[in-house]
Each structure stands twice: as structure tokens, then as C-alpha cells.
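Everything below concerns the one structure shown next.
Values quoted throughout were computed directly from the atomic coordinates according to the rules given, and no laboratory measurement underlies them. The shown structure was predicted, so the numbers you read here are calculated from the model rather than taken from an experiment. For neighbour counting, all protein chains shown are included, and Cβ atoms are generated from backbone atoms with ideal geometry for every residue, glycine included.
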Amino acid sequence: MREKNSTLMPPAVDRQPQRTGRLAAQIRALLADGSERTAMQIAQQLGTSRNEVLVAVRAMLADGALQVTRHVSANHRGRGARVFACAGTAARKKHDERGLYAPWPQADPVVTTAIDAIARHR
């Protein structure tokens, strides 16, 4: 075990963000051509588990590097799946042309602060 910031961290926990970062880079490269894929398709193509892909996808969605383009409904006794594409790629343009993608407008910070003040008023 190694010391990190004066606390003992097991090596597996210490490497988790690095692994997620590498996987995110691989996902970005895979989807760079504007293609769309589900987490299961990404996992199969990269030779990793769906759960590891979902951890990396969650971080990429939070960073704005990835977007959910649509949802595929479940087939018989299966699960539905989100379909992912890199933000700002041909996939977004294709949906814009068909009118299926409507981004949320950026919130005005003054309005956001006012709403927070009203909602948190006790």
C-alpha cells in the first residue's frame, strides 16, 4: 500500500481514475467518426465490461464530452439502452437536420441565483 495525501490508499483505488481516463480516451477515439453506440457495443469493441464503460461514460457526460442521442427500447425481456455519441460530431448534426436534437439553453446566472434564493428561503 502506498501513502497518498497522508492516508493509506490501496493500489487498486489509486489506479481507478487513471483507468477511467484511459477508457474515456478510447471511447472518444471510437466515437470520433460521428458514430453512435450503446454501452454494450462500446464494451464489446474495446474488450472491457459494460460496467467499466458506464463509469467512464458517466464522467464523460458530466464533462460534456459525450451526449445521449436517443434511447433504444427493450426487445423481448431485455433492457432498453442509451445510445451515445461524442458531443459536437456528425451525430449531433444529423439529429439537428431531422429536428430530433434540441439542446437546453444556457441558464442565466442572475435568474439561477434568484430561483435558488427563492427555493432556499425559509
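For the reader, a short list of remarks on this structure follows.
- Residues listed by number, region 63-86, amide nitrogen under 14 Å from Ser35 label point at 7 Å toward C-beta: 84-86
- For Asn51, net neighbour charge (Lys/Arg +1, Asp/Glu -1) across residues whose Cβ lies under 14 Å away: +3
- Per-residue Cβ neighbour counts within 10 Å put Glu52, Glu36 in the sequence Glu52, Glu36, beginning with the fewest.
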